[in-house]
There are 2 protein chains.
Amino acid sequence: MILDGKAVSAKIIDDLKIELAKKSTKPYLAVILVGDDPASRVYVRNKKKKAEYIGVRADIFEYPANVEESVILEKIDELNDNPEVTAILVQMPLPEHISKEKVICRISPQKDVDCFTPENVGRLTIGMEPYFYPATPQGVLMLLDAYDIPIEGKHAVVIGRSNIVGKPMAQMLLRRNATVTMCHSKTENLEDIIKTADIVVSAVGKKIVRCKMVDKKSVVIDIGIYRDSNGNLTGDVDFEEVEPVVEYITPVPGGVGPMTIASLMYNIVKS
Amino acid sequence: MILDGKAVSAKIIDDLKIELAKKSTKPYLAVILVGDDPASRVYVRNKKKKAEYIGVRADIFEYPANVEESVILEKIDELNDNPEVTAILVQMPLPEHISKEKVICRISPQKDVDCFTPENVGRLTIGMEPYFYPATPQGVLMLLDAYDIPIEGKHAVVIGRSNIVGKPMAQMLLRRNATVTMCHSKTENLEDIIKTADIVVSAVGKKIVRCKMVDKKSVVIDIGIYRDSNGNLTGDVDFEEVEPVVEYITPVPGGVGPMTIASLMYNIVKS
């Protein structure tokens, strides 16, 4: 069965729009965009458009690639102090002369809708409520829940250990009582480990998951998204050969991508 | 081969004593102890004694079990603000009417030598430097390093997911490029998962690891410590049957326990 992220996402976003229409106070999203990476510009524009669709005020604050670090830090201070601003996003990547760590640590945890700050990551890890859960892993869980796919006690293998996807995905699956294995570029015998999984979550950006690694009870979540040599959007899973074998699978595109947007909108409304 | 935590710990502690003797400014450890749990009193007394042995000033601030939460929070504020105090420990468990979360969040991350605060846990998770690493997992890594046991690329299975042992152990092994599986009370097929491990770390408090789950290349780290029905100190590993089979194993007592103390002293000196 194909997990239809596009449909589930659309429903969540429309529910958020209805919910927000009833409220007298609205969230206000501030996005910081540095430099002119074309992919970043597209992402930021899409977030703003979707936020405005559900009734959220959204402003993009743009800076040239050579902006001084202190200017960005002061802007964050200003957004933190502005009581109208409820949500702050800093689009990554930042230019090399700007310290990503300093920028992340400067964001108020109460406005950190990406769950980038150590405070929120720490809360997530030790079982306290973070102010927000990170968008992509939260979106994956929303999708699993939409199809009533059980998580507790299952063995989830997470491939990739980025701070915004792989690592919080592992923590959130652990909070839902999965047994969780974290794999990455240094993992030996990756194929054998994937074979032991009930739930496979891949967030790498290259072709990893093949049909011989899964079986008819597997749940396969594909977070990787990139263009292949022919310029087509593809994911970490060989969809053609894996889809007929497994119980559940997400497509690329139309799987985790739209869920990430829905999940981010959920956080912004919560803010 | 038996990993001699007692010997390695003694060497680390003596090195710390020598290092500290050369310094003009000394750390100052403040310990908060609430109630009269006998085990807690023993732990606190041992920490103070060991700290004083290496040349650290250490004070215990004792409160009755019925102390108000606000008194503890104000004491933490005072210790945070006191520039002479470099390290703060709050002995757990606390009485039920005192919020553990509030207490933990109140400790300054710069004095949080237990690595309890969300800020430090978050830094640990996202690959930033925490001010301190949690004592037990750091002690385990010190022990593995003392015997030059490779970690990178190995599959480590961590059993138990407490905030102070299991979860940070997993994160620290991941930072050292192990593939890490987190198991716990809801894990299905625990035995099969342990069989796939190169390194087994058990922190549960009951007999879990048997000889049929390990082989001659296994590294077995036993963090569990409790008294069996005969009143003898024992761990999670059936030492008698496992020790002849595996490559490396920690005894209980004399394995991870002394390493935890050495690791905590390392943090206090660093403070």
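Considering only residues that are closer than 15 Å to B:G205 by Cα, touching a strand residue (DSSP E or B) at 6+ places or on another chain (Cβ under 7 Å) and surrounded by fewer than 23 Cβ atoms within 10 Å (Cβ to Cβ), which ones fall in segment B:240-265?
Hits for segment B:240-265 are B:P251, B:V252, B:P253.
Looking only at segment A:184-213, filter to residues that are within 12 Å of another protein chain (Cβ to nearest Cβ) and hydroxyl-bearing (S, T, Y); which one of those is farthest from A:L233 (Cα to Cα)?
A:T196
What number of residues within segment A:1-13 satisfy the criterion of being in a loop (DSSP other than H, G, I, E, B) and surrounded by 12 or more Cβ atoms within 10 Å (Cβ to Cβ)? Please lay out each step first, then the result.
Residues of segment A:1-13 in a loop (DSSP other than H, G, I, E, B): A:1, A:3-4.
Still in the running and surrounded by 12 or more Cβ atoms within 10 Å (Cβ to Cβ): A:3-4.
Total meeting the criteria: 2.
Looking at (1) closer than 29 Å to A:V252 by Cβ; (2) in contact (Cβ under 8 Å) with a residue 40 or more places away in the chain; (3) among the small types (G, A, S), can you tell me which one A:A30 breaks?
Status for A:A30: all satisfied but (1).
From the set of residues in segment A:149-163 that are in contact (Cβ under 8 Å) with a residue 24 or more places away in the chain and at the interface with chain B (Cβ under 9 Å from one of its Cβ atoms), which is farthest from the chain's Cα centre (by Cα)?
If we take residues in segment A:149-163 being in contact (Cβ under 8 Å) with a residue 24 or more places away in the chain and at the interface with chain B (Cβ under 9 Å from one of its Cβ atoms), then A:G153 is farthest from the chain's Cα centre (by Cα).
Give the number of residues within segment B:76-106 that are among the small types (G, A, S), crowded, with 21+ Cβ neighbours inside 10 Å and more than 22 Å from B:N46 (Cβ to Cβ). Reasoning before the result, please.
Keep residues of segment B:76-106 that are among the small types (G, A, S), which gives B:87, B:99.
Retained after the next criterion (residues that are crowded, with 21+ Cβ neighbours inside 10 Å): B:87.
Narrowing further to those that are more than 22 Å from B:N46 (Cβ to Cβ): none.
The qualifying residues number 0.
When segment A:14-34 is examined, which residues are found to be more than 14 Å from A:I88 (Cα to Cα) and either surrounded by fewer than 20 Cβ atoms within 10 Å (Cβ to Cβ) or of a type in the set (G, A, S) (or both)?
A:D14, A:D15, A:K17, A:I18, A:E19, A:L20, A:A21, A:K22, A:K23, A:S24, A:T25, A:K26
All but one of (1) within 8 Å of another protein chain (Cβ to nearest Cβ); (2) closer than 24 Å to B:K186 by Cα hold for A:M172; state the number of the condition that does not hold.
Result: A:M172 passes all but (1).
Of the conditions (1) in the same structural domain as B:Q171 (by TED's automatic domain parsing); (2) surrounded by 22 or more Cβ atoms within 10 Å (Cβ to Cβ); (3) of a type in the set (G, A, S), B:G122 satisfies every one except a single condition; which number is it?
Condition (1) is where B:G122 drops out.
In contact with a His (Cβ under 8 Å, 6 or more places away or on another chain), crowded, with 22+ Cβ neighbours inside 10 Å and at the interface with another protein chain (Cβ under 7 Å from one of its Cβ atoms): does that describe A:T181?
Working: in contact with a His (Cβ under 8 Å, 6 or more places away or on another chain): yes; crowded, with 22+ Cβ neighbours inside 10 Å: yes; at the interface with another protein chain (Cβ under 7 Å from one of its Cβ atoms): yes.
Here the answer is yes, as A:T181 does meet what is asked.
Of all residues in segment B:54-99, how many are aromatic (F, W, Y) and more than 21 Å from B:M265 (Cα to Cα)?
Taking segment B:54-99 and keeping what is aromatic (F, W, Y), we get B:61, B:63.
Restricting the remaining residues to those that are more than 21 Å from B:M265 (Cα to Cα) gives B:63.
Count: 1.
So that you can scan it fast, the table gives a plain yes or no per residue for (1) within 20 Å of A:I164 (Cα to Cα); (2) within 14 Å of another protein chain (Cβ to nearest Cβ):
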| position | (1), (2) |
| --- | --- |
| A:V31 | yes, no |
| A:Y43 | yes, no |
| A:A58 | no, no |
| A:A87 | yes, no |
| A:L94 | yes, no |
| A:Q110 | yes, yes |
| A:D114 | yes, yes |
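Condition check: at pLDDT 95 or above, more than 16 Å from the chain's Cα centre (by Cα), under 21 Å from B:G122 (Cα atoms) and of a type in the set (K, R). Does B:R176 satisfy that?
Details: at pLDDT 95 or above: yes; more than 16 Å from the chain's Cα centre (by Cα): yes; under 21 Å from B:G122 (Cα atoms): yes; of a type in the set (K, R): yes.
Yes, satisfied.
Which of (1) farther than 30 Å from B:A51 by Cα; (2) in contact with a helix residue (DSSP H, G or I) (Cβ under 7 Å, 6 or more places away or on another chain) does B:I268 not meet, given it meets every other one?
(1)
Go through (1) crowded, with 19+ Cβ neighbours inside 10 Å; (2) within 13 Å of another protein chain (Cβ to nearest Cβ) one by one and return the number of the condition A:E129 breaks.
For A:E129, the exception is condition (1).
So in segment B:237-264, with the set limited to residues that are within 23 Å of B:A10 (Cβ to Cβ) and assigned to a loop (DSSP other than H, G, I, E, B), which one is farthest from the chain's Cα centre (by Cα)?
B:E243
The values are calculated or read from the model by the stated rules, or taken from the named source; none is laboratory data. From a predicted model like this one, the values you see are computed outputs, not experimental measurements. Cβ: placed from backbone, ideal geometry, glycine included. Neighbour counts: every protein chain shown.
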